[in-house]
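S.K.: Sending over a structure as structure tokens; questions will come in a sec.
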Amino acid sequence: MSDWPTGHIPYATDLSHVDLVNALRLVRWLAVPELAARSHGCAALVPDQGTAITLFIEMIDIEERLEVGRLNVGVDSCIASLCAEKIPLPEGDRSITELISVEEHATIESGIEILWEQGQKMTIVPNAMPCSLAIAAPGFPDRYFEPEYALSDYAREELP
């Protein structure tokens, strides 16, 4: 990470090496002034410069007739231009917590909460509608926030 210029995420065509925890560490490290999202679609955390970190849901079969949404990440240089909703995010220090679904046969990285030092909070988790995001953020319309599970049902792990 220290080899990268401030505010720049290298472009990658193979996203298999990008994992949620490392992407979230980047979010804490970079200046990320904007959230770009499509209603019930994907979202992107857009830095001052460089490539956006995209967030999207993948449905995981954990047993017969039971699917759970897993939050995935990628990098994309143009996703933000496809998003209808764009909102500025607070500046300053932020803590990042990973939200984890714990089922009988699986533990799944399901979402994130970002808390800024001024008290603003952003939550992104799987939506009740499969393959879509539930986003709660300062200035983002709350009509899209219908989480797959109650927020109190997620285990939380704050990233160092």
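The values are calculated or read from the model by the stated rules, or taken from the named source; none is laboratory data. Here the structure is a predicted model, which means the values were calculated and not measured. Note that each Cβ is placed from the backbone with ideal geometry, even for glycine, and that neighbours are counted across all protein chains shown.
S.K.: Consider Arg94 against the criteria (1) buried (at least 18 other Cβ atoms within 10 Å of the Cβ); (2) among the charged types (D, E, K, R); (3) free of Cβ contacts under 8 Å to residues at least 12 places away in the same chain: it satisfies all of them except one. Which criterion is unmet?
M.R.: Evaluating Arg94 over (1) buried (at least 18 other Cβ atoms within 10 Å of the Cβ); (2) among the charged types (D, E, K, R); (3) free of Cβ contacts under 8 Å to residues at least 12 places away in the same chain leaves (3) as the failure.
S.K.: Specify the residue that is modelled with the lowest pLDDT; the eligible residues are those in the range 87-126 that are charged (D, E, K, R) and in a strand (DSSP E or B).
M.R.: Out of the qualifying residues, it is Glu103.
S.K.: Let me ask you something else. Name the pairs whose Cβ atoms lie under 8 Å apart, with the first residue in the range 148-160 and touching a residue at least 40 places away in the same chain (Cβ under 8 Å), the second part of a loop (DSSP other than H, G, I, E, B) and loosely packed, with under 11 Cβ neighbours inside 10 Å, and 6 or more positions between them or separate chains?
M.R.: none
S.K.: Name, by its number, the condition in (1) over 20 Å from Ile87 (Cβ atoms); (2) touching a Gly at 6+ places or on another chain (Cβ under 8 Å); (3) of a type in the set (Phe, Trp, Tyr) that does not hold for Trp116.
M.R.: Only one criterion is unmet by Trp116, namely (1).
S.K.: Then there's this: Mind listing whichever residues of the range 128-151 are buried (at least 20 other Cβ atoms within 10 Å of the Cβ) and in a strand (DSSP E or B)?
M.R.: Passing the criteria: Leu133, Ala134, Ile135, Pro147.
S.K.: Quick check: is even one residue across the range 110-121 closer than 16 Å to Ile53 by Cβ, of a type in the set (A, V, I, L, M, F, W, C) and out of contact with any Ser or Thr (no Cβ under 9 Å at 6 or more places or on another chain)?
M.R.: no
S.K.: Return yes when Gly74 is assigned to a strand (DSSP E or B), in contact with a strand residue (DSSP E or B) (Cβ under 8 Å, 6 or more places away or on another chain) and modelled with pLDDT under 80 and no when it is not.
M.R.: Working: assigned to a strand (DSSP E or B): yes; in contact with a strand residue (DSSP E or B) (Cβ under 8 Å, 6 or more places away or on another chain): yes; modelled with pLDDT under 80: yes.
It is true that Gly74 is assigned to a strand (DSSP E or B), in contact with a strand residue (DSSP E or B) (Cβ under 8 Å, 6 or more places away or on another chain) and modelled with pLDDT under 80.
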